[in-house]
């Protein structure tokens, strides 16, 4: 999988043939995004369909970014699985682009990023499991153990089920 830095992307932004896809949720995208990026949430990404509908040109490379890079890598893998090889992931995602002062458009969305939502939800579930385990029944400690195992699994495999569920939540649409 090919990658570029935010600085390298900055040098390409004036190219009218630049194809840049942001795979974050619509709410995250509306909060802040590179002006020339199009938003195609990861859970709705269909590379073959995009090329068939003319949304992407087969001759030009497709640049992909997200918040920090993890979802962009999953999107690139999906492109590769469907036979498209001219895919470039922007390292560090929108976070790195903001640090490089790329031309960004800021919206008025106050929803926190998906990654922060996962951390808040996981923390809340762990705390709830511990409190219920202490106050009601020890079996509730299983909630905390389950969440902890899920976080370990997400860290090892780079696949987060909680993140995928939260991305479908109404406030992220």
Antiparallel DSSP beta bridges within the chain, as percent of all bridges there, nearest 5: 20 percent
Relative to the chain, whose Cα atoms define the longest principal axis, helix 141-157 and its Cα axis are tilted in degrees, nearest 10, by 20 degrees
Relative to the longest principal axis of the chain, what angle (0 to 90°, nearest 10) does the C-alpha long axis of helix 114-135 take? 10 degrees
Selected from 23, 32, 147 as most flexible by GNM, with the chain as the system and alpha-carbon contacts under 10 Å: 147
Full extension between residue 141 and residue 30 adds, at 0.36 nm per residue less the Cα distance, a length in nm of 36.1 nm
Using only alpha carbon pairs under 8 Å that are at least six residues apart, calculate the relative contact order of the chain and give it in whole percent. 25 percent
Alpha-carbon centroid distance for the pair segment 24-59 / segment 133-155, whole angstrom: 36 Å
Cα gyration tensor of segment 114-172, axes a ≥ b ≥ c as square roots of the eigenvalues: rounded (a/c below 1.5), prolate (a/b > b/c) or oblate? oblate
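A short reminder: the numbers here are calculations on the coordinates, not readings from a lab. Note that the structure is a prediction, hence the values are computed from the model and not measured.
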